[in-house]
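Q: Sharing a structure below in structure tokens format, with a few things to ask.
The values are calculated or read from the model by the stated rules, or taken from the named source; none is laboratory data. Keep in mind that what you see is a predicted model, and the values were worked out from it rather than measured. No Cβ is skipped: glycine too gets one built from the backbone with ideal geometry, and neighbour counts run over all protein chains shown. Please note that ligands, DNA and RNA were not included when accessible areas were found on the heavy atoms of the full protein model with its side chains. Shrake-Rupley method; radii C 1.70, N 1.55, O 1.52, S 1.80 Å.
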Amino acid sequence: MLHIADKSFSSRLLLGSGKFANPGLMQQAIQASGCQLVTLALKRLQWEQPQDDLLNPLREMNIQLLPNTSGAKTAKEAIFAAELAREALQTNWLKLEIHPDPRYLMPDPIETLLAAEQLVKLGFVVLPYCSADPVLCKRLEQVGCAAVMPLGAAIGSNQGLQTRAMLEIIIEQATVPVIIDAGLGAPSHAAAAMELGASAVLVNTAIAASQDPVAMASAFAQSVSAGRTAYNAGLATTQPHATASSPLTDFLAAL
Amino acid sequence: MHISINDVRYPLDSAITVEQLLKQHAPEHTGLAVAINNTVLAKRLWPQYQLQPDDAVQLFQIVTGG
């Protein structure tokens, strides 16, 4: 089970709800993934446009909704977005993300730490999206974040575990769940993250932008499960040279 | 009196609450949040808060996102 704050989840796969062709497809993918935590975002209301009913189907599926603060460029903006999200969804769970740079969407570590500290004091369950920096992750943990969400690679880049060496340190040191977020582009990336000992992964683009999001969601679910099972089983150690798997006896020497 | 909603100025014939405003302008929308003059207004206060002249109302909605 994945334990975050006061809740437990049987699935270790979190899904982002963005980029799906339509809400129906998103719901099918969520169902196929078996995930229990789904991220959402905020924007200014456009009441002239009809709105698809996004929330009720998710609530009927008993999904824990995790609003994010995407669009915030500073701690002040993120706190404002967090308060809006809390009222919009009536939840104090929050994926904190602050990325002022539109090209690489790298999270701002200083603003993220400042915002996290304030939001925890305001009673939020804070899950910060952050760079794969072991020192920062430790600081986020120390100010009371319920988990840390270091990036594998840039958001939506599908490049996989570019930060692997740092993630290993973060996982080794963490006493809160480590959720690898961003950049996971293939089920094998998710499996690799889980084999490292990650508590969970969050995937969006790789599923939503696939040709068959429902099948891809299922593939990610299987890979997360396989990776976790492998981690629990204990991976064999790597060796710099060959080690024989069959007996190297001299039984053919007489020929 | 006038108020602004998401930076657009609107006339109001009479004083109304935020809840009434939302019923008029966004009756079908779910997952809404409101800020008045850059301060978030708790949902429980929507039925009580009477809009004042020149209030800057910002309306937000939950959408999909990663």
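Q: Residues in region B:2-23: is at least one in contact with a strand residue (DSSP E or B) (Cβ under 9 Å, 6 or more places away or on another chain), within 11 Å of chain A (Cβ to nearest Cβ), open to solvent by 20 Å² or more (accessible area, probe 1.4 Å) and not in a loop (DSSP other than H, G, I, E, B)?
A: Checking region B:2-23: not a single residue is in contact with a strand residue (DSSP E or B) (Cβ under 9 Å, 6 or more places away or on another chain), within 11 Å of chain A (Cβ to nearest Cβ), open to solvent by 20 Å² or more (accessible area, probe 1.4 Å) and not in a loop (DSSP other than H, G, I, E, B).
Q: Determine if region B:40-59 includes at least one residue that is open to solvent by 40 Å² or more (accessible area, probe 1.4 Å), closer than 24 Å to A:Leu122 by Cα and touching a Leu at 6+ places or on another chain (Cβ under 7 Å).
A: yes
Q: Consider A:Ala174 carefully, then state whether it is under 26 Å from A:Phe20 (Cβ atoms) and out of contact with any His (no Cβ under 9 Å at 6 or more places or on another chain).
A: Judged against the criteria, A:Ala174 is not a match.
Q: Select from region B:25-57 the residues that are within 7 Å of chain A (Cβ to nearest Cβ) and either of a type in the set (S, T, N, Q) or in a loop (DSSP other than H, G, I, E, B) (or both) and list them in ascending order.
A: Passing the criteria: B:Ala26, B:Glu28, B:His29, B:Thr30, B:Gly31, B:Ala42.
Q: When you check A:Leu89 against the structure, is it open to solvent by 30 Å² or more (accessible area, probe 1.4 Å), among the aliphatic types (A, V, I, L, M) and within 14 Å of chain B (Cβ to nearest Cβ), yes or no?
A: It is false that A:Leu89 is open to solvent by 30 Å² or more (accessible area, probe 1.4 Å), among the aliphatic types (A, V, I, L, M) and within 14 Å of chain B (Cβ to nearest Cβ).
Q: Given (1) in contact with a Leu (Cβ under 9 Å, 6 or more places away or on another chain); (2) within 14 Å of chain B (Cβ to nearest Cβ); (3) outside any helix (DSSP H, G or I); (4) not hydroxyl-bearing (Ser, Thr, Tyr), identify the lone condition not met by A:Gly123.
A: Of everything listed in (1) in contact with a Leu (Cβ under 9 Å, 6 or more places away or on another chain); (2) within 14 Å of chain B (Cβ to nearest Cβ); (3) outside any helix (DSSP H, G or I); (4) not hydroxyl-bearing (Ser, Thr, Tyr), A:Gly123 misses just condition (1).
Q: Is it the case, given these coordinates, that A:Pro109 is touching a Phe, Trp or Tyr at 6+ places or on another chain (Cβ under 9 Å), more than 14 Å from chain B (Cβ to nearest Cβ) and free of Cβ contacts under 8 Å to residues at least 60 places away in the same chain?
A: Working: touching a Phe, Trp or Tyr at 6+ places or on another chain (Cβ under 9 Å): no; more than 14 Å from chain B (Cβ to nearest Cβ): yes; free of Cβ contacts under 8 Å to residues at least 60 places away in the same chain: yes.
Considered against the rule, which asks whether it is touching a Phe, Trp or Tyr at 6+ places or on another chain (Cβ under 9 Å), more than 14 Å from chain B (Cβ to nearest Cβ) and free of Cβ contacts under 8 Å to residues at least 60 places away in the same chain, A:Pro109 comes out as no.
Q: Condition first: touching a Phe, Trp or Tyr at 6+ places or on another chain (Cβ under 7 Å) and either open to solvent by 20 Å² or more (accessible area, probe 1.4 Å) or farther than 15 Å from A:Leu114 by Cβ (or both). Now tell me which residues in region A:92-101 satisfy that.
A: So the first thing to find is which residues in region A:92-101 are touching a Phe, Trp or Tyr at 6+ places or on another chain (Cβ under 7 Å), and the list is A:92, A:94-97.
Selection gives A:Asn92, A:Lys95.
Q: Also, I was wondering about something else. Can we say A:Ser199 is free of Cβ contacts under 8 Å to residues at least 24 places away in the same chain and surrounded by fewer than 24 Cβ atoms within 10 Å (Cβ to Cβ)?
A: Here the answer is no, as A:Ser199 does not meet what is asked.
Q: Go through region A:67-86 and report how many residues are hydrophobic (A, V, I, L, M, F, W, C) and either at the interface with chain B (Cβ under 10 Å from one of its Cβ atoms) or open to solvent by 30 Å² or more (accessible area, probe 1.4 Å) (or both).
A: 6
Q: What about A:Ser8, is it without any contact (Cβ under 8 Å) to a residue 24 or more places away in the chain, more than 7 Å from chain B (Cβ to nearest Cβ) and of a type in the set (Ser, Thr, Tyr)?
A: yes
Every residue, every condition in (1) facing another protein chain (nearest Cβ under 10 Å); (2) under 21 Å from the mean Cα position of the chain (by Cα); (3) crowded, with 21+ Cβ neighbours inside 10 Å, yes or no:
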{"position": "A:Lys19", "(1), (2), (3)": "yes, yes, no"}
{"position": "A:Pro23", "(1), (2), (3)": "yes, yes, no"}
{"position": "A:Gly34", "(1), (2), (3)": "no, yes, no"}
{"position": "A:Leu37", "(1), (2), (3)": "no, yes, yes"}
{"position": "A:Leu45", "(1), (2), (3)": "yes, no, yes"}
{"position": "A:Gln51", "(1), (2), (3)": "yes, no, no"}
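Q: Here's something else I'd like to know. Which one of the conditions (1) open to solvent by less than 10 Å² (accessible area, probe 1.4 Å); (2) out of contact with any Asp or Glu (no Cβ under 6 Å at 6 or more places or on another chain) does A:Tyr129 fail to meet, given that it meets all the rest?
A: Checking A:Tyr129 against (1) open to solvent by less than 10 Å² (accessible area, probe 1.4 Å); (2) out of contact with any Asp or Glu (no Cβ under 6 Å at 6 or more places or on another chain), the one that fails is (2).
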